[in-house]
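Values quoted throughout were computed directly from the atomic coordinates according to the rules given, and no laboratory measurement underlies them. What you see is a predicted model, and the numbers here were worked out from it, not measured in a lab. A quick note on method: Cβ atoms are made from the backbone with ideal geometry, for glycine too, and the neighbour counts reach across all protein chains shown.
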Amino acid sequence: MGVGDPPGMAIAHSTASGMGGMRTAGDLVARMQMSRGMRIKEAKEYVASKLGVSVIDLVDPVVMTEIRQDLNIGLTTPLPGYAKGMEAKFNIAKVLEIEINSVNKFKERTKR
């Protein structure tokens, strides 16, 4: 948001970007939509159940940062000791109980 933006702009921005990034669960919901062909409502409910939170918690960046740390499924700002890259993908596959192609290829090539 820039200087001079109307006061309601923060609300519009929040609404537009609420599920749009790794800071929440947007990436996880999108993954379920793409991998299992779920509709958005169904995908949100599935992800929320797997994470042990309510659907509304999926858009709360504070809650989701804690969940991502607890489950070690990647953070937008990498911190020492937390998963990133392939390690995060391995953990996401396990938590959501899904197949992720890059994880499968990594396992195949490393015989894991």
Nitroxide proxy distance, nm - points 7 Å out along Cα→Cβ at residue 101 and residue 49: 2.7
Neighbourhood net charge (10 Å Cβ-Cβ; Lys/Arg +1, Asp/Glu -1) for residue 53: -2
Cβ-defined net charge surrounding residue 92, 13 Å radius [Lys, Arg +1; Asp, Glu -1]: +2
Packing-based order for 55-63, 74-82, using average beta carbon neighbours within 10 Å, highest first: 55-63, 74-82
